[in-house]
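Participant: If you scroll down you'll find the structure; I have some questions about it.
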Amino acid sequence: MKLNINIKKKLADQWFNFLQSEIVNACQSIERKSGSKAVFKKKIWSKLKVSEGGGTSMILKNGKIFEKVGVNKSTVSGTFKKKFRPQIKGAVKSKGAYWASGVSFVAHMLNPKIPAIHFNTRFIVTADHWFGGGIDATPAINDKKEEKLIHSLLKQVCTNNKKNYKKLKKYCDEYFFLPHRNERRGIGGIFFDYEDKNWEKDFKFVREVGLVLINILETVINRKAKSKWNKNDKLQQLYKRGRYVEFNLLYDRGTKFGLNSGGNIDSIFMSLPPQAKWN
């Protein structure tokens, strides 16, 4: 049975609600196991026109594992400004009308030996409709075993869904690149956009990417939660976070989309680390 666009929107929205809850529960459990009493704080927001939707921001700060972790979910609609429409597939044809739903996640760790993890998945509707998203890691201190482990888990989810892992990895490497520094932001991962060939199969892939995030988080943190670190390690992490800030403010599509769709400013900048440093 061919699903109409309204059913697709409803299913995507329901999944992203569920996924946000699962990620929050997983992170809260990780903090509890560390002996931390830090908890997520919930913020509900809406666009100026309430009929155009809004979202929920969940943020935990100053934990024993997570120095800052945010899990945002939003479902919004509206009309893009004319100058922004050519940058979004189908937005010129739709006269700027859009609908979008998704989950974004960023974890900045207290321990500099544990990499920062970024994830998002989204479903966007203009005159066209498609899924996009990905997972990537940004370590301050490189660990080849860890890098291999993360990529093996991502490769498996691609293989299970007949997606071209090498292509999505290459896309991630090219996307998370700072041209003014001539360097990659981190060790990459997978990144995809405009997945629109088979909605049911693409939706299954998006769901499994969301679940593998939790697997990656738990696996990476369990390996290094008790690793000792020093001031030089922390300084290296703060410098690496500076690169993270530069990318998100200068190049990130999600930041630009949020600012041009009337999103919540605090949620848009949730990805920024609590501390960073520059030479």
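The values are calculated or read from the model by the stated rules, or taken from the named source; none is laboratory data. Every value quoted in this text rests on a predicted model; they were computed, and no experiment measured them. Ideal geometry is used to build each Cβ from the backbone, glycine not excepted, and the neighbour counts take in all protein chains shown.
Participant: Considering only the range 106-121, how many residues are of a type outside the set (Ser, Thr, Tyr), assigned to a strand (DSSP E or B) and over 12 Å from GLU146 (Cβ atoms)?
Facilitator: 8
Participant: Name the residue, out of LEU259, LEU272, LEU250, that is under 18 Å from LYS83 (Cβ atoms) and aliphatic (A, V, I, L, M).
Facilitator: Checking each option against the conditions leaves just LEU259.
Participant: While we're on this one: Output the residues belonging to the range 1-21 that are of a type outside the set (A, V, I, L, M, F, W, C) and surrounded by fewer than 16 Cβ atoms within 10 Å (Cβ to Cβ).
Facilitator: LYS2, ASN4, ASN6, LYS10, GLN14, ASN17, SER21
Participant: Among (1) on the phi > 0 side of the Ramachandran plot; (2) more than 18 Å from the chain's Cα centre (by Cα), where does HIS129 come up short?
Facilitator: For HIS129, the exception is condition (1).
Participant: Do we have ASN142 as within 27 Å of LYS10 (Cα to Cα), out of contact with any Cys (no Cβ under 8 Å at 6 or more places or on another chain) and surrounded by fewer than 19 Cβ atoms within 10 Å (Cβ to Cβ) here?
Facilitator: Spelling it out, it is not the case that ASN142 is within 27 Å of LYS10 (Cα to Cα), out of contact with any Cys (no Cβ under 8 Å at 6 or more places or on another chain) and surrounded by fewer than 19 Cβ atoms within 10 Å (Cβ to Cβ).
Participant: Taking the stated definitions as given, is LYS228 out of contact with any His (no Cβ under 6 Å at 6 or more places or on another chain), over 22 Å from ASN111 (Cα atoms) and at pLDDT 95 or above?
Facilitator: no
Participant: For the range 106-116, enumerate the residues that are touching a helix residue (DSSP H, G or I) at 6+ places or on another chain (Cβ under 6 Å) and closer than 17 Å to MET270 by Cα.
Facilitator: If the condition is that a residue be touching a helix residue (DSSP H, G or I) at 6+ places or on another chain (Cβ under 6 Å) and closer than 17 Å to MET270 by Cα, then VAL106 is the only one that fits.
Participant: Restricting the search to the range 180-195, which residues are more than 22 Å from ILE141 (Cβ to Cβ) and surrounded by 15 or more Cβ atoms within 10 Å (Cβ to Cβ)?
Facilitator: Those that are more than 22 Å from ILE141 (Cβ to Cβ) and surrounded by 15 or more Cβ atoms within 10 Å (Cβ to Cβ): ILE190, PHE191, PHE192, ASP193, GLU195.
Participant: Separate question: Give me a count of the residues in the range 139-194 that are over 17 Å from VAL212 (Cα atoms), of a type in the set (D, E, K, R) and part of a helix (DSSP H, G or I).
Facilitator: Count: 7.
Participant: Further question: Can you go through LEU149, LEU110 and tell me which one is touching a Gly at 6+ places or on another chain (Cβ under 8 Å), surrounded by fewer than 22 Cβ atoms within 10 Å (Cβ to Cβ), over 30 Å from LYS10 (Cα atoms) and among the aliphatic types (A, V, I, L, M)?
Facilitator: LEU110
Participant: Let me ask another. Please work out which residue is surrounded by the fewest Cβ atoms within 10 Å (Cβ to Cβ), limiting yourself to the range 40-78 and to residues that are assigned to a strand (DSSP E or B) and among the aromatic types (Phe, Trp, Tyr).
Facilitator: TRP45
Participant: Let me ask you something else. Going through the range 1-53 one residue at a time, which ones are over 23 Å from the mean Cα position of the chain (by Cα), among the aliphatic types (A, V, I, L, M) and modelled with pLDDT of 95 or more?
Facilitator: ILE5, ILE7
Participant: Checking the condition in contact with a Phe, Trp or Tyr (Cβ under 8 Å, 6 or more places away or on another chain) and basic (Lys, Arg), which residue from LYS93, LYS113, LYS68, LYS144 passes?
Facilitator: Result: LYS113 is the single residue among LYS93, LYS113, LYS68, LYS144 that is in contact with a Phe, Trp or Tyr (Cβ under 8 Å, 6 or more places away or on another chain) and basic (Lys, Arg).
Let's see how each residue does on (1) at pLDDT 95 or above; (2) in contact with a strand residue (DSSP E or B) (Cβ under 7 Å, 6 or more places away or on another chain):
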residue	(1), (2)
LEU168	yes, yes
LEU178	yes, no
ARG181	yes, no
ASN198	yes, no
ASP233	yes, no
GLN236	yes, no
SER267	no, yes
